[in-house]
Amino acid sequence: MLTSVPSTEHLRILATSDVHMNIVAFDYFSDAPAFGASLSSLSYTIADLRRSASAEDPPRRTLLLDNGDMLQGTPLATHLTSTNDVDAPHPVSQVMNDLEYDAMGVGNHDLDYGIEYLGRFATSLAAPLISSNLRLKDPRNWLVPHALLKRGQVTIGIISVLPPRTVEWSYPHLGGTISIDDMVSAAQAAAREVRSAGADIVVALAHTGIGNKPGEDALDDLAASGEIDALIGGHIHKVFPSDDYKDHAPANLEKGTLHGVPTVMPGFAGAFLGCIDLDIERDETGVWSLRRGSGWIAPARKTGIVISPTVKAAEPAHCATRRSLDRVVGHTTKPLHTYFAQVQPNAAMALLADAQAKAIDAARQGTEFERLPLLSVVAPTRCGGRGGPWNYTDVPAGELSGRDLAQLTIFSNMVWAIDVTGAEVAAWLEKSVSQFAVIDPDKPGPLLRSDAPSFDFDIIHGVSFDIDPTQPSIHDPATDAVQPAGARVANLTYNGAAVLPDMRFLLAVNSYRSCGGGRFPGLSPDRAVLRPRLSEREALMRYLEGNHPPPEPAAWRFAPKAKGLRCWLETGPGGLTYLDQVAAFKPGVPQLQGSGFVRIPLTL
C-alpha cells in the first residue's frame, strides 16, 4: 500500500562532454604535462562530488554520463587507431569503466574512425552507448536508442541525439552508411518511448549547443520541447551556465536552467564537469515527478598528476604515443606557426597547401583533370578560438618530428580534389573572409569576429587577391546565413590575369571541406572528382620525404583602401616571439587579457 506522505529521491548527475581524447593531463604537442584539463584531472572532481553527494542528509545518489566526442582529438587517438588491436579492450573504454560511467551518447567525432572502430570501443564499454537519432544501415547491437537506469526507487531514462550534419562531416569515413533524424523530433519520440518503458524522468545527452546554425544547434528547442527533465549539452565547446549566456533570455544562470530545464554544457577537453542536482518526488498515487533541479559547473582539479589512478589503463598507450611522436620525419628552414595566420600569408599553411597540391598532382596524371590549373586550399586548424590561448601550431626551424606533424594535421581528413569554376573560387573566398570584423575607419576595433572559427579561414593557394575588411560580409559565420553585402574579395587573379567566372580549376582540398563541412557554398559529398586514399598527414610525410624547396606563401593582402586602419588582434602569448614578423603592421604594446590571449594593436 502506498503511503499518504510522498517520498523524495535525491539525484546528482555528473556529466562530461567533448573530452576529445584528453585522457591524461599531458600536452603531446609540447611533450610536457598539462595540468589544467583532462579526464585524469577531472577524475578527482568526479570523486569529490560523488563524496559530497553521499554525505548529504539524505544522501544523493549519483550518475556519471558522457555526452560524446570522447574518441578523437589528440595524438593518443591517432595512435590508438593506427594500432587498432581488435582483440584487446579499448583503453578508453577501460578508463571509463574504471571511472564507473553509467551511459555515453555518441558525438559526431566519435564516428571519425568508422563504425568498426566505434564498435570495438563500445563492446568493451560497460555502460550503454546511446543514440536516439543515429541510424546505421547495418544495425549493431552495441548501439541502443535509449537506456533505463535505476537509482533508489526512481527509474531514469537516458536518451541521446547528435547533429544531423554529422552525415556530411563523417561521409569520408562512413560514406552513405548512416542517416540522422532531426534532433528535436527524435528526442521527443525517444522520451515518450522511454517513459512508456518505465522511466520516471528523462535525461537527454544532447551533443548540440545554444546557437542558430541549422542542423547543428538545438539545445534551446530541446529544452523547450516539454519532454525532457534534465539536459546535458555540448558540441560547441562552451560552458553553461556561464556569463557567456547572461543576455540569453531563456537562461537562468543562478539556477542553471534553460527554458526552466536544468541544463549544463561542460566545455571541452575535460576542463569542467557538468553537475545537475535533482529532487524527485512521488505523489500519493505513486507517480514520480521532478520537484526541483539546478545545473552548475565544477572545474577540473589541478593536481599536478599526469595520470590519476582511475585512468591508469591508458598509460601504456600514452607512453607508446610519446615514443611514436619522437621520430624525426623531416626538416624546415623556417618556423611554422599560426599566431598571425589571419593577418598575413603563413609559412605553415603554405607547407600544407603545397603538400596537398603535390599529392593531387600525382593522383591526376592520366585523368581528364591533368591539364587544369591546380590550386590548393587550407585553413589554420590550431589557431586560438575555442581551444584557448595555447591552441596554436608552433614548430621551430630545424628537424620535424611526428609531434610537429601532429600539430600541423590534427584531424583525420583525406586529401581530395574538386573541379571548380572561377565563380566558385570567388564565392569560396567570400565565405572565408567572413572571419573579419567590419573595421570602422574612425574607431579601432577587433580584426576578427569572435564567433568565426579559425578552421574556416580557407586560403586558396595559387591565386592572388585582396581582402577589404571595411565592407560587411556576405556570410554570417554565427548562423551560416547569407545576407546582401558588397564583395570583400577584390583583384582576384591567376598568373597575373583576372579570374573569370567560367574559368575551370582543379582544387586540392581536404575531405571534410569537400563534403560540406563549414557550409562553404556549393560543396557536398558528391563534388570530389579525385579521392586518393591518402590522409593529410600521409601527404605531408611524403612531401617531406621528397625534400622539396620551401613553398611560396599564399598571395593575399589587405586591400589598399584599408591601409592605415587601426585594429587589434588577440593571439596566443607565444606569438610575442614572432612579433618582428608583423612589423609591417606597426604592432603596438601587447596587453595580456583575462582570457589568457594577448591583444596586439595593429595598423593595416
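On the basis of being buried (at least 20 other Cβ atoms within 10 Å of the Cβ), among the aliphatic types (A, V, I, L, M) and within 18 Å of the chain's Cα centre (by Cα), does Ile159 make the cut? Walk me through how you get there before you give the answer.
Values: buried (at least 20 other Cβ atoms within 10 Å of the Cβ): yes; among the aliphatic types (A, V, I, L, M): yes; within 18 Å of the chain's Cα centre (by Cα): no.
No, not satisfied.
Looking across segment 78-103, the residues that are modelled with pLDDT of 95 or more and among the hydrophobic types (A, V, I, L, M, F, W, C) come down to Val92, Val95, Met96, Leu99, Ala103. For first residues located in segment 536-557 and at pLDDT below 95, partners that are in a loop (DSSP other than H, G, I, E, B) and open to solvent by 50 Å² or more (accessible area, probe 1.4 Å) and lie 6+ apart or on another chain with Cβ distances below 7 Å form the pairs Pro550/Thr333; Pro550/Lys334.
Taking segment 139-223 and the helices (runs of 4 or more DSSP H) fully enclosed by it, the elements with 1 or more residues that are over 30 Å from Ser511 (Cα atoms) and at pLDDT 95 or above are at 183-196, 219-223.
Being within 24 Å of Ala406 (Cβ to Cβ) and open to solvent by 30 Å² or more (accessible area, probe 1.4 Å) is true of Tyr113. Scan segment 375-390 for residues that are among the hydrophobic types (A, V, I, L, M, F, W, C) and surrounded by fewer than 20 Cβ atoms within 10 Å (Cβ to Cβ) and jot them down. Of everything in segment 375-390, just one residue is among the hydrophobic types (A, V, I, L, M, F, W, C) and surrounded by fewer than 20 Cβ atoms within 10 Å (Cβ to Cβ), namely Trp390. Selection of segment 555-575 for residues being small (Gly, Ala, Ser), under 20 Å from Ala498 (Cβ atoms) and surrounded by fewer than 18 Cβ atoms within 10 Å (Cβ to Cβ) yields only Ala555. Would you check if there is a residue in segment 211-222 being buried (at least 24 other Cβ atoms within 10 Å of the Cβ) and over 20 Å from the mean Cα position of the chain (by Cα)? Within segment 211-222, one or more residues are buried (at least 24 other Cβ atoms within 10 Å of the Cβ) and over 20 Å from the mean Cα position of the chain (by Cα). How many residues, within segment 428-441, are part of a loop (DSSP other than H, G, I, E, B) and closer than 21 Å to Ile360 by Cβ? Counting residues in segment 428-441 that are part of a loop (DSSP other than H, G, I, E, B) and closer than 21 Å to Ile360 by Cβ gives 0.
When segment 345-362 is filtered for residues that are more than 10 Å from Leu506 (Cβ to Cβ) and among the hydrophobic types (A, V, I, L, M, F, W, C), the ones remaining, listed by number, are Ala347, Ala348, Met349, Ala350, Leu351, Leu352, Ala353, Ala355, Ala359, Ala362. Taken over segment 440-480, the criterion of being without any contact (Cβ under 8 Å) to a residue 40 or more places away in the chain and open to solvent by 40 Å² or more (accessible area, probe 1.4 Å) is satisfied by Asp440, Asp442, Lys443, Arg449, Ser450, Asp451, Gln471, Pro472.
I'm trying to understand the selection: among the residues of segment 98-118, which are more than 15 Å from Leu205 (Cβ to Cβ) and in a loop (DSSP other than H, G, I, E, B)? Result: Leu99, Glu100, Asp112, Tyr113, Gly114. Applying the criterion of being among the small types (Gly, Ala, Ser) and open to solvent by 30 Å² or more (accessible area, probe 1.4 Å) to the residues of segment 338-374, the residue that is nearest to Gln581 (Cα to Cα) is Ala347.
Give segment 292-329 a look and list any residue that's under 30 Å from Thr8 (Cα atoms) and surrounded by 14 or more Cβ atoms within 10 Å (Cβ to Cβ), or say none.
We begin by selecting, within segment 292-329, every residue under 30 Å from Thr8 (Cα atoms); these are 292-299.
Answer for segment 292-329, where residues must be under 30 Å from Thr8 (Cα atoms) and surrounded by 14 or more Cβ atoms within 10 Å (Cβ to Cβ): Gly293, Ser294, Gly295, Trp296, Ile297, Ala298, Pro299.
Please determine, by comparing only the residues of segment 576-596 that are touching a helix residue (DSSP H, G or I) at 6+ places or on another chain (Cβ under 8 Å) and in a loop (DSSP other than H, G, I, E, B), which one is surrounded by the fewest Cβ atoms within 10 Å (Cβ to Cβ). Top of the filtered list is Gly596. Just one of the listed residues (Ala77, Ala32, Ala25, Ala37) is free of Cβ contacts under 8 Å to residues at least 12 places away in the same chain and among the aliphatic types (A, V, I, L, M), namely Ala32. Within segment 119-151, the set of residues being over 18 Å from Leu205 (Cβ atoms) and among the polar types (S, T, N, Q) comprises Thr123, Ser124, Asn141.
Anything in segment 41-96 that is in a loop (DSSP other than H, G, I, E, B), more than 23 Å from Phe411 (Cα to Cα) and of a type outside the set (Asp, Glu)? List them, or say none. Selection gives Pro58, Pro59, Arg60, Ala88, Pro89.
Answer yes or no as to whether Ser450 is within 26 Å of Asp354 (Cβ to Cβ) and among the small types (Gly, Ala, Ser). In short, no. Scanning segment 181-200 for residues that are touching a residue at least 40 places away in the same chain (Cβ under 8 Å) and either buried (at least 22 other Cβ atoms within 10 Å of the Cβ) or closer than 15 Å to Asn67 by Cβ (or both) returns Met183, Ala186, Ala187, Ala190, Val194, Ala199. Being polar (S, T, N, Q), touching a strand residue (DSSP E or B) at 6+ places or on another chain (Cβ under 9 Å) and either open to solvent by less than 10 Å² (accessible area, probe 1.4 Å) or over 18 Å from Met21 (Cβ atoms) (or both) is the filter here, so list the residues in segment 55-82 that pass it. The answer is Thr62, Asn67. Here Gly226 meets each of (1) among the small types (Gly, Ala, Ser); (2) modelled with pLDDT under 95; (3) open to solvent by 20 Å² or more (accessible area, probe 1.4 Å); (4) over 30 Å from Asp283 (Cα atoms) with one exception, condition (4).
The values are calculated or read from the model by the stated rules, or taken from the named source; none is laboratory data. Computed from a prediction, not measured in an experiment: that's the story for all the values here. As a convention, Cβ positions derive from the backbone with ideal geometry for all residues, glycine included, and neighbour counts pool all protein chains shown. In case anyone asks, the SASA skips ligands and DNA or RNA and just uses the protein heavy atoms, side chains included. Shrake-Rupley method; radii C 1.70, N 1.55, O 1.52, S 1.80 Å.
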